Structures are given as C-alpha cells and as structure tokens.
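The values are calculated or read from the model by the stated rules, or taken from the named source; none is laboratory data. Note that the coordinates shown come from a computational prediction; the quantities given were computed from them, not determined experimentally. As a convention, Cβ positions derive from the backbone with ideal geometry for all residues, glycine included, and neighbour counts pool all protein chains shown. All accessible areas refer to the heavy atoms of the entire protein, side chains included, with ligands and DNA or RNA removed. Shrake-Rupley method; radii C 1.70, N 1.55, O 1.52, S 1.80 Å.
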Amino acid sequence: METSHPGYGWLAVFSGFCVVFIVDGIHFSFGTLLVEIVEDFDQGRALTGAIVSISIAFTYILAPITSHIANVYGCRIIVITGAIISSTGLALSIFATNVYHLWATFGVLCGIGIGMMYSPAHVCVIHNFKERKTLASGIVACGSGAGTFAVNQMIKPLIDYYGWKGTVLLEAGLALQGVVVGLFLVRTREESNSSHSKPIGAVSNNLKSNSRFNTKYVMGEHSYNNEVIDESCTNNVVQPDKFGSKPDLHVRQEITDTNSINAYGESNAKKENVNFKETCKSLFDVSLLKDVRCVLILLSVFIMSLGYGIPFTFIPDQVIESGFTKQEAVWLTSSIGNL
C-alpha cells in the first residue's frame, strides 16, 4: 500500500519496532523455555538448543529473498503472511512429543514465518525516509532490546502458571499480532518505486495508433457510461494504487480497436517477461561482492552471528546449575536486552 502523507513513515517505524519486538522477544526468550523442555523430554541441551538455532537460521537465510519480494509486492502482505505462518508453527509445537517435532514446528515453520516478518519491516522503514534513515532504523532496532527484556520477564510467570506448552501457545498469539502491526507497514508515494505500480492511464504509452478508449466510471452503486476520451486525456484518469486504496472510484478502460487490443496484449506480455527476468537477475546479483569493504562487513557480521544467540539460549540453564534461582536467571538474560 502507498500513501502520499509523509507522516505515515513514522507509523511504519512504529510497526517495524513492534515486529522486531515480537521476533526477537520470541527468539531470545527461548533460554527460559529450554530449561523446561530439557526437564520434560530429557533429550539433552544440544538437541534442545538446536530448536531455536534452526529458527534463527531460517530467519536470516530467507532475508535476501523476503527483502526482494517485499520490494516488488509490498511489505504489508509479506509480514502478514509471515505472522500467520510463525503463529501456526508455534501453535503446532504444543503437540510435540519429542525435540524433533519442535525442530519442524518451532524451528522450521516458525523460522520461515519470522523470516518473512523481520527483513520486510526494515525494508519498509528504509523506503519511507531520505534524510532520517539512521534514526528510523535505530528506533526499529530498539525493538530487539525491548522485546528481549519484556518477553523474558513475562515468560517465567507464564511457565509457572500454564506450563511451557501453554506459554508457547501464548507466544503463538503474540506472533499473530504481527498481522495487526503489519497493516501499518505503508510507504509514502514519493518513496515508492514507480516501476512497480502500473497506472491505468499508462496504457496509452503502449498504443501508438489513434485508438480511442471507452471508459466506464463506477462510483458506489452508480455507473456512468458513454465516456470517450483520447490518448491525450488518459493521463488525467484517476489512478488507484496497487492495492486499490480508492475503492469508491474505479476506472475500467476498454479498447475498441481490435488491432490496438492485440498490440497492447503483446506489449504487456513482453513487459511481464522482461520484469520477471529483471527480478530474477536482481535477486542473484552479486556485484556488491566485488567491493572489498562490503565483503569485510559481511564476513564480520557472519562471524558475529555464529555465536550471537548462544548466551540467550544457554545462560539460564548454566546459571541455574550454578545455584541461582530460575527468576534470577531470567533477570540475567533480560539485562542483556537492556544493553
């Protein structure tokens, strides 16, 4: 969805903050769940810790793909779909009878859904700002710390009252809130890529003959027929956006000349073919890897990511073994979120 109101950029920032809050809150509170799952299934810390490792892996492996799809089709639909998938994966986890079941539901399915939520939330914020991208991105990133602190604090009393399976079901409800916040991921029209939108008036550019259009305006329950306009007038036709943000006024153009219809159809088919090829080409574009600075940044982030989630996953269990209480272990992982 697109909007011409620049203030909606900050609404996208709020939505992005909430998405990151949900995603990292679920991932980085798993350490508290790990203690309970190990006690329940007794299949070892390594196998149990692999659950969230798989989920985080899918989140970042899908990042290039979901970011590109979000650029083409919009962030809103991708985030909403991801929220539904991740919520489904978490909900199915309550039927687990062993760790391997959790690998498939919490790990793979939830990881795919979260991967569809995480990157598009950042992409939408970047598209909405020219001068304050760093500030906007920083606010969205703060959702990680806030989610880590808040969810860790909530999860311990929930486990005490509902058990770990009931808590995971409540996390499924938290993930489903991504549907609500995803609705606010909008782009300002000035920042939108014009190549992705196809205004109705633009059909005149595909027709070089002196064809004329029979245009029908539909407003509410009323129709207005017999309106004929030339090519020169088509640029003034009301242009609803990609997702139909003007539902009260729809414009339908019918080409009366048979030759023009064929010409338009052939031209449109060629354009779709070219767009598909360009999409695939840009998806696998590795030209950035020719820049040494980019390679160094990617390498450093890769090395950091290898051990980034380990403290959140295993510190609670290690602290409890050292003689501290479970509540004290929760405060330790929550304090990492504050930093």
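Is it fair to say residue 53 is open to solvent by less than 30 Å² (accessible area, probe 1.4 Å) and more than 21 Å from residue 326 (Cα to Cα)?
no
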Given the structure, is residue 85 aliphatic (A, V, I, L, M), assigned to a helix (DSSP H, G or I) and open to solvent by 10 Å² or more (accessible area, probe 1.4 Å)?
yes
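Take the conditions more than 16 Å from the chain's Cα centre (by Cα) and modelled with pLDDT of 90 or more and apply them to residue 81. Does it pass?
For residue 81, the condition - more than 16 Å from the chain's Cα centre (by Cα) and modelled with pLDDT of 90 or more - is not met.
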Is region 97-112 home to any residue that is free of Cβ contacts under 8 Å to residues at least 24 places away in the same chain and crowded, with 20+ Cβ neighbours inside 10 Å?
yes
For region 149-170, enumerate the residues that are within 26 Å of the chain's Cα centre (by Cα), farther than 22 Å from residue 95 by Cβ, open to solvent by less than 30 Å² (accessible area, probe 1.4 Å) and not hydrophobic (A, V, I, L, M, F, W, C).
152
Filter result (among the acidic types (Asp, Glu) and open to solvent by less than 10 Å² (accessible area, probe 1.4 Å)) within region 5-43
24
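Going through region 126-154 one residue at a time, which ones are of a type in the set (Val, Ile, Thr) and touching a residue at least 12 places away in the same chain (Cβ under 8 Å)?
139, 140, 148, 151
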Which count do you get for residues in region 295-311 that are closer than 27 Å to residue 29 by Cβ and in a helix (DSSP H, G or I)?
11
Within region 291-309, can you find the residues that are under 19 Å from residue 149 (Cα atoms) and in contact (Cβ under 8 Å) with a residue 12 or more places away in the chain?
309
Here, helices (runs of 4 or more DSSP H) confined to region 90-185 with at least 2 residues that are acidic (Asp, Glu) are 133-182
